[in-house]
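What follows is a single structure, written as structure tokens, with notes after it.
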Amino acid sequence: MIHAPELKYFATLKVEIDAPQEVGVSVHGERRVIPITGGTVQGNGWQGKVLRGGADYQLILTPRLTHLDAQYAIELDNGELIYIHNKAIRVASAEITQKIKIGEPVAPELIYFRCHPVFETSSPSMQWITERVFVGTGIRRPNLVELQIFEVL
């Protein structure tokens, strides 16, 4: 008998963001770049901070569907670094999508926000995360993205 994979809590990230850079509508959709300015990460028995300098490269494909492609780094309290490449989709009504775009608060239950982060690190204690699959849920706040990340067992 085949069993569905289980999920194990890995970490909570609070990723601080700056005002969007509106590239505009291109042949692929409406392009936006959201600078990442900092934040925090908390896992089981470890913690760190989100480093300034990354970004979320968004593509609004339809009034309802947005593809997210965030790339940034975190620094653990022991100084070790982890690079994160996090692809996601965000789906909401056209009205809610517009509210998100202009920075208005929106109730999380009105948005389907799921992600698939991939990690790279030279950290000996965290090397195992490069050999696992992770999924997560997101909440978009006006100046913050909250992510709950889970290891797929």
For the stretch 63-71, state whether one or more residues are under 19 Å from LYS14 (Cα atoms), in contact (Cβ under 8 Å) with a residue 24 or more places away in the chain and not in a loop (DSSP other than H, G, I, E, B). yes
Out of the residues in the stretch 125-153 that are touching a strand residue (DSSP E or B) at 6+ places or on another chain (Cβ under 7 Å) and free of Cβ contacts under 8 Å to residues at least 12 places away in the same chain, state the one that is surrounded by the fewest Cβ atoms within 10 Å (Cβ to Cβ). GLN127
What pairs come out if I take residues in the stretch 95-124 that are within 17 Å of ILE139 (Cβ to Cβ) and pair them with residues that are assigned to a helix (DSSP H, G or I) and open to solvent by less than 40 Å² (accessible area, probe 1.4 Å) whose C-beta lies under 9 Å away, six or more apart or interchain? VAL106/ILE96; VAL106/ILE100; ALA107/ILE96; LEU110/ILE96; ILE111/ILE96; ILE111/THR97; ILE111/ILE100
Single condition ALA70 does not satisfy, out of (1) under 11 Å from the mean Cα position of the chain (by Cα); (2) open to solvent by less than 10 Å² (accessible area, probe 1.4 Å): (2)
Of all residues in the stretch 106-115 being open to solvent by 80 Å² or more (accessible area, probe 1.4 Å) and in a strand (DSSP E or B), the one that is farthest from THR12 (Cα to Cα): TYR112
When you go through (1) open to solvent by 20 Å² or more (accessible area, probe 1.4 Å); (2) of a type in the set (D, E, K, R); (3) at pLDDT 95 or above; (4) in contact with a strand residue (DSSP E or B) (Cβ under 7 Å, 6 or more places away or on another chain) one by one for ARG90, which number turns out not to apply? (1)
So which strands (runs of 3 or more DSSP E) stay within the stretch 1-61 end to end and still have 3 or more residues that are in contact with a strand residue (DSSP E or B) (Cβ under 9 Å, 6 or more places away or on another chain), touching a residue at least 60 places away in the same chain (Cβ under 8 Å) and open to solvent by 30 Å² or more (accessible area, probe 1.4 Å)? 7-17
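The values are calculated or read from the model by the stated rules, or taken from the named source; none is laboratory data. Quantities reported herein were computed from a predicted structural model and do not represent experimental measurements. FYI the Cβ positions are ideal-geometry reconstructions off the backbone, even for glycines, and counts take in every protein chain you see. Keep in mind that these areas ignore ligands, DNA and RNA; they rest on the heavy atoms of the full protein, side chains included. Shrake-Rupley method; radii C 1.70, N 1.55, O 1.52, S 1.80 Å.
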